[in-house]
Each structure stands twice: as C-alpha cells, then as structure tokens.
Amino acid sequence: MSTLFSKIISGEIPSDKVWEDAHCIAFRDIHPVAPTHILVIPRTPLVNVADAGEGDEALLGHLLRVAGLVAKQEGLSDFRVVTNNGAGAGQSVFHLHLHVIGGRALQWPPG
Ligand code: 5GP
C-alpha cells in the first residue's frame, strides 16, 4: 500500500531529512511533540511491526540502531523510541515508523 511516507522516500513530498542509507531514511516529524521528534522509516513499505516477517528481522534491528544513531546525532542521551501499531494505538500513517522523541523530560506511562 502506498502512503505519504512512500512519497517522502521518493522525494515527491519534501522532508527535513537527518539520515539516509540503503535501508531507511529518517526525517523530522511535521508536528513535533518534543524539541527532537524524528521518524525512522524503512524504504520497504511494511505496514507496522505486526506486518513484519522472519525475513525482516535484520531490517527491524537496523531501524532501531539508526534510531540510536540519530538520537546521538541530535546530542541526546535520554530519549524515547516508540512505534504505534494499529489505529487504536495511534497509528495514522500505515508505513512502519519509529518515533525518536527527546529534548525534554518525558513522562511514563504514555497515554
Ligand atoms: P503515527 O501517528 O502513525 O504513529 O505517526 C505518524 C507521524 O507522521 C505523526 O507524528 C505525524 O505528525 C507525522 N506526519 C504526518 N504527515 C507528515 C508529513 O507530511 N511530513 C512529516 N515530516 N511528518 C508527517
């Protein structure tokens, strides 16, 4: 399924990109909930974590590693990595993405 994130990957929709490699890109969220709010997305259009199969294990690990790298790039040692799976959990774009959120004190548990 094509989503607006496919258009961000292709460049059809512009984004403030902070990371790019063969497997994923990362860019600033258009509605940041914290001083740093970056989305890490695979180039492969997986819907969400539940859509990932055995063959996607290396990709999932890579996305998590890139989340750590972009946080470091932002100068963050304390940050949150979260992914919403399904509309009931807050997913609004159905292309897998990790939110990297930081730069302020974060409350737990989330809503
Ligand atoms: P979700 O709600 O699916 O977990 O997260 C989707 C995120 O994508 C939201 O935080 C939303 O602000 C962000 N978003 C939606 N449209 C755009 C866009 O066109 N550009 C960027 N950079 N972020 C977007």
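The values are calculated or read from the model by the stated rules, or taken from the named source; none is laboratory data. Everything numeric in this text was worked out from a predicted model, so none of it was measured. Please note: Cβ atoms are built from the backbone with ideal geometry, for glycine as well, and neighbour counts cover all protein chains shown. The area values use the complete protein model at the heavy-atom level, side chains included, leaving out ligands, DNA and RNA. Shrake-Rupley method; radii C 1.70, N 1.55, O 1.52, S 1.80 Å.
Observations, loosely collected:
- The chain, helix-only ellipticity at 222 nm - DSSP H runs n ≥ 4, -39,500 (n - 2.57), divided by all residues, nearest 500: -6500 deg cm²/dmol
- Whole-number accessible area per residue in Å² for segment 21-97, which is evaluated in the context of all protein chains at 1.4 Å: 52 Å²
- Net length gained if the chain between T44 and A89 were fully extended (0.36 nm per residue, minus Cα distance): 14.0 nm
- For segment 95-104, 3J(HN,Hα) computed residue by residue from phi via the Karplus equation (6.51, -1.76, 1.60; θ = phi - 60°) reads 9, 2, 8, 9, 8, 10, 10, x, x, 8 Hz, glycine and proline entered as x.
- In a simple Cβ point-charge model (Lys, Arg +1; Asp, Glu -1; nothing else charged), segment 1-43 has a dipole of about 60 debye relative to its Cα centre.
- Per-residue Karplus couplings for segment 55-62, computed as 6.51 cos²θ - 1.76 cosθ + 1.60 with θ equal to phi - 60°, are listed in order as x, 9, 4, 5, 4, 4, x, 4 Hz, Gly and Pro entered as x.
- Cβ-defined net charge surrounding I41, 15 Å radius [Lys, Arg +1; Asp, Glu -1]: -2
- Spin-label model distance (nm) - D51 vs A22, 7 Å beyond Cα toward Cβ: 2.3 nm
- Accessible carbon and sulfur surface of segment 4-102 relative to its total accessible area, %, 1.4 Å: 55 percent
- Relative to the Cα centre, the charge distribution of segment 1-106, modelled as +1 at Lys and Arg Cβ and -1 at Asp and Glu Cβ, gives a dipole magnitude of about 280 debye.
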